[in-house]
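Written below as structure tokens is the structure these notes are about.
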Amino acid sequence: MFVSLNWIKDFVDLPAKTKPQELADALTIKTAEVEGVLDQAKNFENIVTGQVVSLNPHPNADKLKIAQTSIGKETVQIVCGGENLKEGMYVAVAKIGAKVRWHGEGDLVTMEKAKIRGEESYGMICASNEIGLDNPEEGPRDIADLSALKPQPGTPLAQLLKKDDFILEFDNKTLTNRPDLWGHYGIAREVAAISGGKFTEHAPQVRMPEKGQKVDVRVENHDLCPRYCGLIIEGITVEQSPDWMKERLRATGHGTHNNIVDITNYIMTELGQPMHAFDQKNIEGGIVVRTAKKGEKITTLDGKDHNLKEDMLVIADHKRPVAVAGVMGGENSEINEKTTTIILEAANFNAASVRRTSTTLGIRTDSVQRFEKSLDPFLPLLAMQRAAQLVLELCPNAKITGPITDIKKFNEKPLVLSLDIKKAKSKIGVDIADKEIEKILKALDFKVETHPEIWKVTVPSHRSSKDVTIEDDLVEEIVRIYGYDNIPAILPSLPTKLPLENAERFKKHRVRELLSYSLGFSEAYNYSFYGEKDLKNCLMKETGHIKLLNYLSEDQTHLRTTLIPNILKNTQENLKYAPELRLYEIGRSYKEIGEFMPLEEKLISGVIAKKGRTDNPFYEAKGVVEAYLKKFNISANQAPEVENTPYAHPIKCLSYLAKNGETLAKIFMIHPQVSKNYDLDKYSVALFEINFTQAQKFEEEQAKYQETPRFPSIELDISVLIPRNTENATLKDAINKANTHLIQSIQLFDIYQGENIGPDKKAMAYKVTLQAKDRTLTDEEMTQVQQKIFKNLEALGGEIRGK
Amino acid sequence: MKDKLKKLEATALPAIDKAKTPQQLQELSVKYLGRKGELTAILRTLKDLPADKKPEAGQLSNKTKQALEAAFSKKEQELSTAAVDQELKKDFFDTTLPGKTPPQGHIHPLSQLQEEIEQIFSKMGFAIMDGPEVEAEYYNFEGLNIPKDHPARDMQDTFFIDKEDHKKFGRLVLRTHTSPVQVRTMEKYGAPLRIIVPGRTFRYEATDASHDTTFYQVEGLLIDKDISLAHLKGVMAEMLGAVFGKPVTVRFRPGYFPFVEPGLEVDFSCLLCDGKGCKVCKGLGWVEFMGAGMVHENVLKAGGIDSKEYQGWAFGFGLTRLAMMRHKITDIRLLSNGDTRFINQF
């Protein structure tokens, strides 16, 4: 929103030395954000008035002339092509350094000394559109004629044209809770409170007739229209608005139309109260404020047709809707140059209703922007008086036909709040003097009744309509005007108890350290969604998924139940430029479980991808899961299968189950079909999924110390040739059974398959460690165990190598 | 005998000193101290001396033996040191070859920052809380004093879940902020309360370099009997100072959020220009950072806390934004595309 400082000054006496930027900064800190300050004179820097002393033809160009132009103390030579240029004419001269827009088009250009067709030119005699002015009567090859004003040559143009205003641009978002700040009057009140300048109440002097023709108004829905004021003025001449009004409207970002429409916009910009004017001859019977009837239509001022819904409030005459209340007027009752009698409307409409209607119809106007903030229901009457004053001023023949029609039904009793003064100070954190608090509140138009503990504060109607309704709202008024910058930074004293521990969060960070810093994985973050294509690519079904009602793209339609699809996409992308990948993500899955709230579990999932055909990634992934289980003391049983994991290889897979059968982790090679779907055929891809939420429940106590062995151990190397389909676990089991007391560990250190041992065989080599707690083992004992191991392995069809 | 010993010493000691190699020294050792060596030969004659001369002769010959042995030992040391020195001089070693590190992974920058923030707040006595990401409308809006028709609901474009409404809790949404955890935590633990909630949040809005559907926020809540805005300023200055590693000034401006009153916009002094105004802060000297304020009485009420007895503040800032500022990340989408060329820079 654009706010004119000169307009503000209509209502507040600002100290003369007030700098606009400083005022803007103060408003930002205490009221609402001012995003910028525009100095109007800045556009007219180095542009002065001049008078053409003599005019001669240009020797080298037919359409150009050489004008000796007085610009005050000096006279300069300027080459100019203006068709209307005459000797003695008063003109606008852009001196060297001025910024102009050539022929009113393109970017601003800085004037430099130039030679035009061989003749020197010290600046430019400007057309209106070249210096941001607007003169519709000026011909396309004319320059601006200031002769009517007869200005002293050398006068800065800004001064002559009264371009001495500063425009403050407010960030509208920061005004959403302040209905009172959507007009200059309200901002002026705020400026007065901040600067200490005197605020002048608006009291337009208009004599309203006590009798005569008044608007016939019927309000059918008082909830949606708590107040409706109407007034008839006749003898109107619709024409251009005077320059001062156009100037103010333009400066604050409004277009200009005609005097009547401009007046309604002027009132809205001044007081924040939207108004509307109807051409009386198009209003049949009188005004009815009602909700739309089924099937009713309206063509709004912008020429668009709208179907109205039954919950929308309209302003109608006795036949048809003539405006969408608070949103936009109808074309059928628009003011035009033939209008002679107008009905002025100043009303208060329900904010939510206006907002809803505006959203449904897709119409956003300055009026909606204000009504949706909950305007002060006392404002329409003031606005109507001010509008009448302006109409009479602009149309000397105009006459008010009768009294203002004022239909109202709202709580007129002012809001009185209690203010616990001690508590207010304790919330602010500063012991502000009572006197100062009182002064602040009064400056903002609150009435204050002080008491030792609980004050009584009466809220002005322009604040109680929305943003000041509870005691804490008063605290805000006090602290913002007192100054947030006057609040010191203090640390709260520490509580006497340690904060509640969030073990899960803590462990998550430890998991990251394990995976990233010990095991060489990088951590990815992915979105919580995927799409149907991902489901298909991962051979998954839609069952159990939660779907979004509104989504932004087809690949973000379902909430993930597993992190794998997105990790596979990461894999596909990363392998375009990296030879291999170790990547993980810690994130939530969301599952439909037949209750209102879905099940959210935290998962740790990762990928190991290498070029070529190898099962190594599987075993590396297994190592990762085991490192995790070991670090957090989780004991789990292995099972050679995975459930509900369609994207897993059906054989190359493994689960870790808790005692109660709950799956804590899965490791698997990617399903060959899925591998194809993600263009990963040339890679060997292993994945792991750890259910972090579940696994935590099975953590056991910290490891207990076990005495270090005092007697030496003996190591046996055993290599066995065995049918290829014998599992490692079977062999280890057979070895272990040889002597469960003495065997301390069995480590597989080599697997060999090759033609020389036959395609159905493999050689497995183990290092077996024997040790007794109470003695040094003898050779005899060792041999006994060894023989037993041999026997057990041979029983499995094994052939001991090098026996 | 005395003379013999003297003579031996006089020839042996210089000879030892002149030895150039360990072999020469070995030969000399054999020559003098070996079984057939010269000194040994002299010593053998000891037993033939008369008994009264034996002690003196014994002493003398021992002295000579010790002198020779000391000389050998010293020379041996000398030669050994020289040999090592000689060997070292020949050696070549390239310290400029690259170092070898075991494969290193990387923790995502958001995780790193999140842990830092958690630790900073833990030190100030804050507990870390969690809440559901798929949230009920009640906790995301109504419980936070944002009723149905409230314009603030527009500002928080919301993802809705395709599921039937709940009579009490309304529709299911993806939480648009971490604030719903405020009411949930109040309900569960009551007052006093001192928590932060770092977490994933969602907005239904078109993505570009600075907007994404998914981002991270940190919610803070401090409720006790005498908590003031001055404490909020203190805690924020402390936190930002710790994150950026230098003192940071915090500025409050009026702001409007339905769940706080008074409501604040919190800025911090631009770290690039120290508040003088630069491109990053758009010449303002301040960087907009977060919304905050004193918890609205309706929110306390929704959480079952008596606003007559307890008061406090809440804040919510963008962890994602802070990470982007800290690392000068220019596109928010880099944070969630799993590209290791990005992740591995941190």
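Summary of values
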item: Globularity index of chain A, i.e. its alpha-carbon radius of gyration over 2.2 N^0.38 Å; result: 1.53
item: Over segment A:256-318: Rg over Rh, Cα atoms, Kirkwood Rh; result: 1.01
item: Chain lengthening between A:Glu781 and A:Asn756 when straightened (0.36 nm per residue, less Cα-Cα); result: 5.5 nm
item: Within segment B:1-19: backbone nitrogen closer than 14 Å to the B:Glu69 label point (7 Å, Cα to C-beta); result: none
item: Residue among B:Gly304, B:Gly58, B:Gly277 with the largest mean-square fluctuation in a Gaussian network model of chain B, springs linking Cα atoms under 10 Å; result: B:Gly58
item: Under 5 Å, built H, 5+ apart or other chain: amide partners of A:Lys762; result: A:Ile722, A:Arg724
item: Rounded if a/c under 1.5, otherwise prolate or oblate - segment A:42-160, Cα gyration tensor axes; result: rounded
item: Mean separation of Cα contacts under 8 Å (6+ apart) over length of chain B, as relative contact order %; result: 15 percent
item: A:Asp13 paired with B:Asp226, simple spin-label distance in nm, labels 7 Å along Cα-to-beta-carbon; result: 4.4 nm
item: DSSP H segments from chain B that extend 18 Å or more along their own axis, Cα-based, with Kyte-Doolittle mean of 0.0 or above; result: B:229-244
item: Eligible aspartates and glutamates near A:Lys293 by straight Cα distance, threshold 18 Å, same-chain separation 8 or greater; result: A:Glu220, A:Asp223, A:Glu284, A:Asp305, A:Glu310, A:Asp311, A:Asp317
item: Placed amide H near A:Gly544: partners under 5 Å, 5+ positions off or other chain; result: none
item: Residues A:Gln747 and A:Gln673, FRET efficiency given R0 of 25 Å [Cβ-Cβ distance, rounded to 0.05]; result: 0.10
item: Difference of contour (0.36 nm per residue) and Cα-Cα distance, A:Ser635 to A:Asn84; result: 188.6 nm
item: Spin-label model distance (nm) - A:Ser418 vs A:Tyr619, 7 Å beyond Cα toward Cβ; result: 7.8 nm
item: Stretchable slack from B:Gln104 to B:Lys148, in nm (0.36 nm times residue separation minus alpha-carbon distance); result: 10.8 nm
item: Sorted by Cβ density within 10 Å, fewest first, the residues A:Asp62, B:Asp157; result: A:Asp62, B:Asp157
item: Inter-site label distance for A:Lys547 and B:Lys7 at 7 Å from Cα along Cβ, in nm; result: 12.0 nm
item: Segment A:372-437 pair-distance distribution - Cα-Cα, 5 Å bins, rounded %; result: 3, 11, 14, 12, 9, 10, 11, 9, 7, 7, 5, 2, 0
item: Exposure proxy ranking, count of Cβ atoms within 10 Å, fewest first, for B:Glu261, A:Glu755, A:Glu130; result: A:Glu755, A:Glu130, B:Glu261
item: Given A:Lys214/A:Lys447; A:Lys622/B:Lys123; A:Lys435/B:Lys225; B:Lys36/B:Lys75; A:Lys536/A:Lys611, the pairs whose alpha carbons are separated by over 30 Å; result: A:Lys214/A:Lys447; A:Lys622/B:Lys123
item: Whole-number D in µm²/s for segment A:178-220 (Stokes-Einstein; Kirkwood sum over Cα pairs; 37 °C, 0.692 mPa s); result: 237 µm²/s
item: Efficiency of FRET between A:Ile96 and A:Lys150 - r from beta-carbon atoms, R0 30 angstrom, step 0.05; result: 0.75
item: Global form of segment A:394-548, assessed from the alpha-carbon gyration tensor, a/c cut-off 1.5; result: oblate
item: A:Thr110, A:Thr341, A:Thr49 arranged by Cβ crowding within 10 Å, fewest neighbours leading; result: A:Thr110, A:Thr341, A:Thr49
item: Pairwise FRET efficiency - A:Asp311 versus A:Arg801, Cβ, R0 = 56 Å, nearest 0.05; result: 0.05
item: Global geometry of segment B:156-213, whether rounded, prolate or oblate, following the gyration tensor of its Cα atoms and the 1.5 cut on a/c; result: oblate
item: Segment A:714-800: relative contact order as a whole-number percent, Cα under 8 Å and 6+ apart; result: 44 percent
item: Highest to lowest packing among A:476-486, A:74-84, A:557-567, A:515-525, scored as the average C-beta count within 10 Å; result: A:557-567, A:515-525, A:476-486, A:74-84
item: Stokes-Einstein D in µm²/s, Kirkwood radius over Cα pairs - segment B:2-90 at 25 °C with 0.890 mPa s viscosity; result: 174 µm²/s
item: Relative intensity, log₁₀ I(q)/I(0), of segment A:503-698 from a Debye sum that treats every alpha carbon as a point, q = 0.12, 0.15, 0.17, 0.18 Å⁻¹; result: -0.56, -0.90, -1.18, -1.33
item: Subset of A:Lys541/A:Lys659; A:Lys466/B:Lys301; A:Lys30/B:Lys301 violating a 26 Å alpha-carbon distance limit; result: A:Lys541/A:Lys659; A:Lys30/B:Lys301
item: Relative counts (whole %) of C-alpha pair distances in segment B:109-343, using bins that are 10 Å wide; result: 8, 32, 37, 20, 4, 0
item: The protein assembly as shown: calculated mean residue ellipticity at 222 nm from DSSP helix runs of at least 4, using -39500 (n - 2.57); result: -9000 deg cm²/dmol
item: Relative contact order of segment A:67-185, defined on C-alpha pairs under 8 angstrom at six or more residues apart (%); result: 26 percent
item: For segment A:217-408, the fraction of alpha-carbon pairs in successive 5 Å shells from zero, as %; result: 1, 8, 18, 22, 23, 16, 9, 3, 0, 0
item: For residues of B:223-234, the mean tally of beta carbons on other chains within 10 Å; result: 6
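Where a number appears in this text, it was derived from the coordinates with a stated rule and is not lab data. This one's a predicted model, so the numbers in the text were calculated from it and none came from an experiment. Every residue, glycine as well, gets a Cβ built from its backbone with ideal geometry; the counts of neighbours run over all protein chains shown.
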